[in-house]
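Since the structure comes first, as structure tokens, the remarks are kept for the end.
The values are calculated or read from the model by the stated rules, or taken from the named source; none is laboratory data. Model, not experiment: these values are computed from the prediction. Here the Cβ is made from the backbone with ideal geometry for all residues, glycine too, and neighbour counts use every protein chain on show.
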Amino acid sequence: MCCAAFLLIGGERRQAGQQNFASNANMTRLPRIVPVLLTILVFSALVRAGTPGSFRGTVVDGPGAGKGQIYVQGRNGMARRVDISRAQVSYDESVPETTRLPRPEDALTPGAEVRVTAEQGDDGEWRASRIEILKEGSN
């Protein structure tokens with residue numbers, strides 16, 4: 001101890017020339033923690049978001065179908081109310097161009113056959129992101 005110089009820093013005895021690696025240890029762990037936190041954040045966002053589903057059916061009149069909503073009845077007879085307010089509506093290539101309306105949304109009338117891509121919310125409502133008109137209905 002006579003030749004080595006000791007310093008008392010923060011209640012610890014250290015030999016002169018030694019660095020305090022306690023604060024540096026936290027800094028070296030930070031880069032390893034960031035990717036883990038980002039991964040957790042991304043997966044939690046994916047879990048929160050609904051999984052899109054696709055179904056086909058015929059547009060039918062339904063009770064309480066307001067503006068921006070339609071009812072789609074599947075082959076099994078079950079009808080689903082679908083929010084179409086934010087959906088991209090387009091015609092399938094099998095629909096002749098001569099019969100297409102300028103605004104595809106106007107062709108979502110009873111009898112139209114459609115393919116819907118939508119997510120089901122926590123409230124059970126279907127929110128369409130895309131609707132393809134496979135066959136026009138009666139206007």
Check your understanding: surrounded by 18 or more Cβ atoms within 10 Å (Cβ to Cβ) and of a type in the set (D, E) - does that describe any residue in region 119-139?
Key -> yes
Check your understanding: How about region 106-139: which of its residues are acidic (D, E), under 22 Å from the mean Cα position of the chain (by Cα) and part of a loop (DSSP other than H, G, I, E, B)?
Key -> D122, D123, E125
Revision key, fill the gap. Within region 78-105, of all residues that are more than 30 Å from the chain's Cα centre (by Cα) and in a helix (DSSP H, G or I), the one surrounded by the most Cβ atoms within 10 Å (Cβ to Cβ) is T99
Review point. Which is modelled with pLDDT under 70, under 39 Å from the mean Cα position of the chain (by Cα) and farther than 19 Å from G111 by Cα, of A16, A45, A22?
Key: A45
Review point. Looking at region 57-77, which of the residues that are touching a strand residue (DSSP E or B) at 6+ places or on another chain (Cβ under 8 Å) and over 18 Å from E125 (Cβ atoms) is surrounded by the fewest Cβ atoms within 10 Å (Cβ to Cβ)?
Key: R75
